[in-house]
1. With a bin width of 10 angstrom, please list the P(r) values of the range 12-115 as percents of all Cα-Cα pairs, from the 0 bin to the one holding the largest distance.
2. Where a Cα-Cα gap under 13 Å defines reach, which aspartates and glutamates qualify for Lys63, not counting those fewer than 8 residues away within the same chain?
3. Using 0.36 nm per residue of separation minus the Cα-Cα distance, give me the extension gain between Asn132 and Cys15 in nm, one decimal.
4. Using a simple spin-label model with points 7 Å from Cα along the Cα→Cβ vector, what separation in nm is obtained for Asn97 and Ser154?
5. Tell me the net charge near Cys12. Cut-off is 13 Å between Cβ atoms, Cys12 excluded, with +1 for each Lys or Arg and -1 for each Asp or Glu.
6. Between the range 25-70 and the range 126-140, what is the C-alpha centre distance in whole Å?
7. How much solvent-accessible surface does Trp94 expose, in Å² to the nearest 10, with a 1.4 Å probe and all protein chains in place?
8. Roughly what % of DSSP beta bridges within the chain run antiparallel, to the nearest 5?
Amino acid sequence: MTQFTAVTERKCKFCGHQLYDAQDEHMVHVPIAQGERNIARLLYAQVHWSHMLDSNCSRCGKKGSYQEKTCIQNPSNLLIVHLKLWEPNAAGQWVKNTQLQIDGIPLTDLTVDGNCFRLHAATFHHGDNVENGHYTAIVQLEGKSILANDAQISEHNWPNGSPGVYLLFYVKNESPKMRELKMNEVGRYLVPTC
């Protein structure tokens, strides 16, 4: 089962009022920042304070006063990252971000709550909108990228810029030494960074 706790902290930049919310989640939903080409920076952008322009502080009442950040805690062995490819346009129709280019996805390990995660698989959407298109998947297996396209399975190079990448599946990557320590120690232990 995939699961983690998303802890969202909001604070008013005027009066200091703070709100906390913790939710059990199964997938990390990542908005696409304009021009960002790095998966780690897209994911970590949620951990830094961002301004909530349409919010009012419940204590002082000032508009646009809240800042927000979300942290991922206690991730399970599988972490699913959902890149929000579709956004509503002015007419209310869902439009795909076809300009998305993210570099180095298969080579970028993520550190989440002190745990190292390595890419295992990805799902791609091919097409311009939600109503039509086709899905494929690439699985990282023994150092190779394997493409699953309907009934066709073949070795495949990872596409440059990862166009259409939609879901990323990361698995916790523990070294054999850390697994040994985990099995032998009763107390807490330090997890090395990736």
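The values are calculated or read from the model by the stated rules, or taken from the named source; none is laboratory data. Keep in mind the model is a prediction, meaning the values are calculated, not measured. Ideal geometry is used to build each Cβ from the backbone, glycine not excepted, and the neighbour counts take in all protein chains shown. With ligands, DNA and RNA removed, areas are computed over all heavy atoms of the protein, side chains included. Shrake-Rupley method; radii C 1.70, N 1.55, O 1.52, S 1.80 Å.
1. 12, 35, 34, 18, 1
2. Straight-line reach from Lys63, under 13 Å: Asp54.
3. Answer, rounded to one decimal: 37.3 nm.
4. 3.0
5. Every neighbour counted, the sum reads +4.
6. 27
7. Ignoring ligands and nucleic acids, Trp94 comes out at about 140 Å².
8. Roughly 90 percent of the beta bridges in the chain run antiparallel, per DSSP.
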